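Below: the structure, in structure tokens.
The values are calculated or read from the model by the stated rules, or taken from the named source; none is laboratory data. A quick note: this is a predicted structure, and the numbers were derived from the prediction, not measured. Counting neighbours? That spans all protein chains shown, and the Cβs are built from the backbone with ideal geometry, glycine included. Only protein heavy atoms, including side chains, enter the accessible area calculation; ligands, DNA and RNA are left aside. Shrake-Rupley method; radii C 1.70, N 1.55, O 1.52, S 1.80 Å.
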Amino acid sequence: MAAASGELPTLGGAAPTLVVSVRAEDIASGHGQAHVEGIAEPVTLDVARHIACTGAVQRIVTDARGRIRQIETSDRVFAHHQRRAIALRDGGCIIPGCRVRSSWCEIHHVTEHARGGATHTDNGVLLCWFHHRTIDSVGWKIRMNGGVPEVRGPYWWDATGRWRAPTTSPPQLRDRLQRRVQ
Ligand SMILES: [Zn+2]
């Protein structure tokens, strides 16, 4: 996110970028380790998976000797204009009660890119760093309903399990208020 902000110095024309490498077989099987450039200790596959959700993925195929055979890139990073549009819709992290504003949020693919989820505003929502990394384990559920994000809280938060469409975006809140008044 910092690399994409445009406020950092560039290296050879490209923003400084965090590079995490992982074997495709390990990501698929769920067993193995990932590596962060410049850090000797390996990191867990979860770290690689979460970074893959917000970053660009470049797939490199090598032969048994290590010769590079194929380079593929996939369009899984939300463009700046998509990011601004999502920020206008969601306001900030969409988990109710979370106060993290949009400029500090990441965009989460509601349907994972690896499962065919498009890099489209109808499939991207704002989550803060903490909620993005814990969304699979803390009981919050997110779905898109006609292009609008809906959230269902864990049992301790809402025993009725109702889906809600949260936003903290001032224009969105004003629109909703007006609809209610009319
Ligand atoms: Zn949050």
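Relative to the present Cα-Cα distance, how much length would full extension add between Ala64 and Ala118 at 0.36 nm per residue of separation?
Full-extension gain reported as 16.2 nm.
Can you pull the percent of the chain's accessible area that's carbon plus sulfur, 1.4 Å probe, other chains left in place? Please report the intermediate quantities before stating the final value.
Numbers: 6570 of 12160 Å².
The computed percentage sits at 54.
How much FRET efficiency would the formula 1/(1 + (r/R0)^6) give for Ala28 and Arg143, where r is the Cβ-Cβ distance and R0 is 30 Å, rounded to 0.05?
0.75
Calculate the FRET efficiency for Ser103 and Asp158 from the Cβ-Cβ distance with a Förster distance of 30 Å, rounded to the nearest 0.05.
Values: r = 28 Å, r/R0 = 0.94.
Using R0 = 30 Å, I get an efficiency of 0.60.
Identify which of Trp104, Trp157, Trp140 has the largest mean-square fluctuation in a Gaussian network model of the chain, with springs joining Cα atoms closer than 10 Å.
Evaluated over the chain, the most mobile residue of the options is Trp157.
Please list the three semi-axes, largest first and in whole Å, of the ellipsoid equivalent to the stretch 35-182, using sqrt of 5 times the eigenvalues of its alpha carbon gyration tensor.
One finds semi-axes of 34, 18, 13 Å for the stretch 35-182.
Using bins 5 angstrom wide from zero, how does P(r) for the stretch 90-129 break down, in % of all Cα pairs?
6, 29, 27, 19, 14, 5, 0
In nm, give the distance between the simple-model label positions of Val43 and Leu177, each being 7 Å from the Cα along the Cα-to-Cβ direction.
In this crude spin-label approximation the distance works out to 4.1 nm.
Give, as a single signed number, the net charge of other residues whose beta carbon lies under 11 Å from the beta carbon of Cys93, with Lys and Arg counted +1 and Asp and Glu -1. Intermediate values should be presented prior to the final figure.
On the way: positive: Arg99, Arg101; negative: Asp90, Glu106.
Here the count lands on 0.
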